[in-house]
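Reviewing the structure listed below.
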Amino acid sequence: RTSEPEALSSPAHGKTRSEGAGQDGAGLGARGVGGNPPDGTKLAIRVFGSLAKAAAEPSTRWIALHGYLDNSATFDALCPKLLAQGASAIVCVDLAGHGRSDKRPPYHALDYAADTIFLAEALQWDRYSLLAHSLGGSVSQVVAATVPDRVVRLVSIEALGFMSQHPDQAVDNLRLAVTTPPKGSNLQTYASLEAAAQRRAKMNLVGSLPIEAARILCSRGTKPAPSGSGLVWASDPELLAPSRFRIEEATMQYMISQIKCPMLLLYSQDGFLRYYNLSVLGLRTFSFPWCVVIGAVYNVWKTAHSMITFGAPPRKDTALFKLRMAYGVLRRWMKASTAKLICLPDGGHHPHLTRADDVAKAIMLWHSGAGQGKDEGQGKIKGA
């Protein structure tokens, strides 16, 4: 379906090779811009649309970032629809360690944000929009906060900030990271692309993934096994290792508060929101009643727990720990002053693959300025 990427050793101001619908571009050095020494990492990209046209139209060009353990093929269903709506070019990136990009362990999410900024400079784009899913959505939010003068708009699918930690989790998280054995030799081999797709459909982070969507991800997410027989995952096994460092929750909230561009948060009710919905009370995540209930219950419970345990942090296996996570999401939502929320009734964690038409409509609806306030998107998409 696409041609093989060319590996270029030039630093970040190299140019992409091919233009058109879903064609692979050159491997671009992720560093080496603005005085930063290159580290040799090359990012594989896929280009939908025309880079030549995008050069003259900053408001219609996009950089697209995929989710954890996915790859740039995740946008195959959505990008043609965005081109039909007026996008001039969409550059879909394989993040380091994913797809056909170079590996670079150990991995930290902030490096992905730096890579994205350097990639835009490699493209010689001083203004651009961001389209991102899950991990990529969190990365794009950090990018928007870091270089607010460069990001025109941001669409974040199923993401509002990285998985964070509180100070009382730092030691346990680091201990887990340094005592976990390396993953490099643990490569499961699959007899065919279909077998890999069947496995990918079942191992989705949130709920199941339709086999058709899994096939798309596996078309770029697998490679020939070292033995020469069968396929293995193309992503670096070290991505499965626990992170040595996580951003603290207060820092993540501050980063979200620094986003200045318009931001669309697009979720499915059966995606990540399922963990925070209070459906038994008829309360939708991020609605005003939901915010009031989560905020009140958490603060009362936290105070009582602190008095009883003399300030001990909640254990991971407790309801209070889960409630603290929900409260963190609430605080992030309150900090997202430029955000608008649109929810789909279903679509799982990958609605851009499973409901691409509806996601495209939601983006068009948001871009047209329809609706008022932060939480006006529900019910405006057919079936929502």
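The values are calculated or read from the model by the stated rules, or taken from the named source; none is laboratory data. No experiment lies behind these values; they were computed from the predicted model shown. All Cβ positions, glycine included, derive from the backbone under ideal geometry; neighbour counts span all protein chains shown. Only protein heavy atoms, including side chains, enter the accessible area calculation; ligands, DNA and RNA are left aside. Shrake-Rupley method; radii C 1.70, N 1.55, O 1.52, S 1.80 Å.
5 Å is the cut-off here: which amide hydrogens, built 1.01 Å from N in the peptide plane, fall below it relative to residue 104, excluding neighbours closer than 5 in sequence?
97
If the chain between residue 110 and residue 180 were fully stretched, how many nm would it gain, using 0.36 nm times the residue separation less the Cα-Cα distance?
Taking 0.36 nm per residue and subtracting the Cα distance, the gain is 23.0 nm.
For residue 238, tell me the accessible area in Å² from a 1.4 Å probe, rounded to the nearest 10.
Counting only protein heavy atoms, the figure is 50 Å².
Along the Cα-to-C-beta direction of residue 171, a point sits 7 Å from the Cα; which residues of the stretch 279-310 have their amide N less than 17 Å from that point?
310
Taking Cα atoms of the stretch 161-319, Rg/Rh with Kirkwood Rh, to two decimals?
1.04
Separation between the residue 223 and residue 337 pseudo-spin-labels, each 7 Å from Cα along Cα→Cβ, expressed in nm?
4.5
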